[in-house]
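Reading through the structure tokens given below for one structure.
The values are calculated or read from the model by the stated rules, or taken from the named source; none is laboratory data. Computed from a predicted structure; not experimentally measured. Quick reminder, even Gly has a Cβ in these numbers, built from the backbone with ideal geometry, and neighbours come from all protein chains shown.
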Amino acid sequence: MARYRHDLPLVRGGMFLSDGGMETALIFQEGIELPHFASFVLLSAAEGRRRLLRYYTRYLEIARRHGTGFVLDTATWRANADWGEKLGYDAAALRKVNLDAVDLLTGLRTEYERPQAPVVLNGVIGPRGDGYQAGRITADEAEDYHSAQVAAFADSQADMITAVTMTNTEEAIGVVRAARGHDMPCAISFTVETDGRLVTGRSLQHAIETVDAETGGYPHYYMINCAHPTHFENVLERQSAWVRRIGGIRANASTKSHAELDESETLDAGDACDLAERYRSLTGRLPHLRVLGGCCGTDHRHMAAICEACLPRAALSA
């Protein structure tokens, strides 16, 4: 049975840490081959599961030192039908992958959770297409498409789901509808370009307000991921209602555009100290910010720097 599904601690307040850029860290730093950037393939073998556990543990240790809660994401960004087909996984195999991804995290929660530092199990859903492209999918199609993965998480111990690297409002709306249909708490994380807009050209404000309007404000919060703070910090107006809906940041380490990152053969880890200071600035501009994590190019060192810059002194001494 899910521990927090009907009482998410993130809603009650406090700051939560999450991990960094899982796929880029595993590929570029640990030399692990991930076909189509799919980390879920590691779940099929004991050694792969051990590597995932080692990856997660680095971040959980940082959270423990800082006395903060943790949002523990499943390795399922690519675990949907289209990407699964490319990798030889049918519907039954994908359902098992999503269930196994949650099961892998339950032991970590038992080990690291503390009374004042809850660990939330979060089922990760990625886009049907690529995280840097707009994709062509209607809200109805997206609801039908993503329902299988949402259903698997609903049948697991996952406390919530988050759809990450969303590039268009229609797919985000469909995911939220699927989550609501399975009584799953959810969050939506949009990816923006260097101008702070979605690849479709729509503003972040439009995306958040549209999803809220079409779903009755069902998402618990919104996030921004897979973009550097310099790409979106200037579009955030503290007093705006839509800005108050942003509850999490998982930024890229690099200031490069998505097109530049796609062409790069090496990992750009950026400047961890500068990134941490930008996160600190964002905590002052986003009044409901709850989740601090990373995306492409970030690792446990970036998250350690972000914790040092952002967490209140009371948490540091806990």
Worksheet entry | Qualifying residue in region 102-119 (condition: surrounded by fewer than 22 Cβ atoms within 10 Å (Cβ to Cβ), over 23 Å from Arg5 (Cβ atoms) and of a type in the set (A, V, I, L, M, F, W, C)) | no
Scanning region 37-54 for residues that are of a type outside the set (A, V, I, L, M, F, W, C) and surrounded by 13 or more Cβ atoms within 10 Å (Cβ to Cβ), the one nearest to Arg250 (Cα to Cα) turns out to be Ser39
Scanning region 260-297 residue by residue, those under 17 Å from the mean Cα position of the chain (by Cα) and either more than 20 Å from Val71 (Cβ to Cβ) or β-branched (Val, Ile, Thr) (or both) turn out to be Val291
Matching residues in region 281-303 (out of contact with any Leu (no Cβ under 9 Å at 6 or more places or on another chain), closer than 24 Å to Tyr222 by Cβ and surrounded by 16 or more Cβ atoms within 10 Å (Cβ to Cβ)) number 1
A careful count of residues in region 170-204 that are among the hydroxyl-bearing types (Ser, Thr, Tyr) and in contact with a strand residue (DSSP E or B) (Cβ under 9 Å, 6 or more places away or on another chain) gives 3
For the structure I just gave you, tell me whether Val175 is modelled with pLDDT of 95 or more, closer than 18 Å to Ala139 by Cβ and not small (Gly, Ala, Ser).
yes
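From the set of residues in region 26-72 that are small (Gly, Ala, Ser) and under 22 Å from Tyr112 (Cβ atoms), which is farthest from the chain's Cα centre (by Cα)?
Only one residue fits best here, namely Ala46.
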Scanning region 73-106 residue by residue, the ones that are over 15 Å from the mean Cα position of the chain (by Cα) and in contact (Cβ under 8 Å) with a residue 60 or more places away in the chain total 3
In region 70-90, is there at least one residue being more than 25 Å from Ser147 (Cβ to Cβ), in contact with a strand residue (DSSP E or B) (Cβ under 7 Å, 6 or more places away or on another chain) and surrounded by 13 or more Cβ atoms within 10 Å (Cβ to Cβ)? yes
TODO: Considering every residue within region 57-65, establish whether at least one is crowded, with 19+ Cβ neighbours inside 10 Å and touching a Gly at 6+ places or on another chain (Cβ under 9 Å).
DONE: yes
Here the residues within region 11-30 that are farther than 19 Å from Ile246 by Cα and part of a loop (DSSP other than H, G, I, E, B) are Gly21, Glu30
Checked pairs for region 150-175, first over 23 Å from Val119 (Cβ atoms) and surrounded by fewer than 24 Cβ atoms within 10 Å (Cβ to Cβ), second of a type in the set (A, V, I, L, M) and at pLDDT 95 or above, C-beta under 6 Å and 6 or more apart or across chains, list as Thr169/Ala207; Thr169/Val211; Glu170/Ala139
Per the list (1) over 18 Å from the mean Cα position of the chain (by Cα); (2) at positive phi; (3) buried (at least 18 other Cβ atoms within 10 Å of the Cβ), residue check on Leu236 breaks on (2)
